[in-house]
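Some notes on the structure that comes next.
What follows draws every value from the coordinates through simple rules; no lab data is involved. Because the structure is a prediction, the values reported are computed rather than measured. Quick reminder, even Gly has a Cβ in these numbers, built from the backbone with ideal geometry, and neighbours come from all protein chains shown.
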Amino acid sequence: MSDPATPAEIPYTVRRSTRARRVRVNVHPHAGVEVVLPARAPERAAAAAVSELRPWIERRLGEARDALAQAERALAERAGSLPYLGRHLELVPQSGRTRVHRSGERLLVPGGDARPALERFYRRAARAEIAARLDHATALAGTSYSGLDIRGQRTRWASCSANGRMSFNWRLLLAPERILDYVVWHEVCHLQILDHSPRFWALVERYCPDYREDRDWLRRNGATLVLRPPRL
């Protein structure tokens, strides 16, 4: 029989990274706790990191739960609409429609469960919104990228590969516009510096002086960026 005074173990997953120089612990609103290990680090380093960082992990998990509750309240308040880069677009169901179409501040959507069609719409819109921002940012920075993927990652908002291929989460369109702009610049800066060293953050700050506020907003509110339209 276990001791009731013994705290429950925190479940976590382990991901190894050839780019990681140290053990890193991430807390994701949807995927939970992830430990990133350098390629040659022993497996026990993950358990040690989770144990050492337990108070911080529990605090971040609590913040994620609070953010999800906040999202539920916000969704109830704006029933019949969805966020789009800081705006709220009214959902207008139309019988027989299979594809979402935007008309001004309205989204014409299929009746019933419109979520699959809405996700397809947001994915299409994300490619257009992000490609334009990437082209503008790389032109200003004097760099270039090799390709763009739009995905629905559970644990990442964006990434930049060593060969310059960009990947962005379509759910960023559910955030305010400045948050998307920050994430774009974050990845554009990775075209020059792949790590998260002080030199990298200094480069981000050159293009986004208020990046800390945007980064913190995403950490606090990332759990609220979910597509939960009402059944129409």
- Note on the structure: For segment 155-224 the GluC sites (Glu not before Pro) that pass both the DSSP coil test and the at-most-12 other-Cβ-within-10 Å test are none
- T143 neighbourhood, Cβ < 15 Å, K/R = +1, D/E = -1, net charge +1
- Note on the structure: Per the charge dipole of the chain (beta-carbon charges, Lys/Arg positive, Asp/Glu negative, Cα centre), the residue among A45, V33, F121 reaching farthest to the positive end is F121
- Query: Taking amide hydrogens as modeled 1.01 Å from N in the peptide plane, which residues meet the under 5 Å criterion relative to T13, leaving out close sequence neighbours?
  - Reply: V33, E34, V35
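Using only helices, what value at 222 nm comes out for the chain when you add -39,500 (n - 2.57) per DSSP H run of length 4 or more and divide by the total residues, to the nearest 500 deg cm²/dmol?
Working: 6 runs with 95 residues, N = 232.
Theoretical 222 nm ellipticity from helices: -13500 deg cm²/dmol.
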- Query: About its Cα centre, what dipole magnitude does segment 74-196 give when the only charges are +1 on Lys and Arg Cβ and -1 on Asp and Glu Cβ, stated in debye to the nearest 20?
  - Reply: 420 debye
- Item | Centroid-to-centroid separation of segment 91-123 and segment 213-229 [C-alpha atoms, Å] | 23 Å
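Using Stokes-Einstein with the Kirkwood hydrodynamic radius over Cα pairs, what translational diffusion coefficient do you get for segment 114-172 at 37 °C and a viscosity of 0.692 mPa s, in µm²/s rounded to a whole number? Please report the intermediate quantities before stating the final value.
Details: Rh = 12.1 Å.
Estimated diffusion coefficient is 271 µm²/s.
Figure the gain on full extension for R19 and E52 (residue separation times 0.36 nm, minus the Cα-Cα span) and round it to one decimal in nm. Each step should come with its number before you reach the end.
Numbers: separation 33, 0.36 × 33 = 11.88 nm, distance 2.27 nm.
Value of the extension gain: 9.6 nm.
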- Which whole-number value in Å³ per residue fits the convex hull of the alpha carbons of the chain? 156 Å³
- Note on the structure: Taking placed amide H atoms and a strict 5 Å upper bound, the residues 5 or more places from L107 or on another chain that come that close are E90, L91, V92
- What is the dipole size for the chain, taken about its Cα centre, with +1 at each Lys and Arg Cβ and -1 at each Asp and Glu Cβ, in debye to the nearest 20? 600 debye
- Query: Mind listing the phi-derived Karplus ³J(HN,Hα) values for segment 89-99, rounded to whole Hz, using 6.51, -1.76 and 1.60 with θ = phi - 60°, and x for any glycine or proline?
  - Reply: 9, 6, 8, 10, x, 9, 4, x, 6, 10, 10
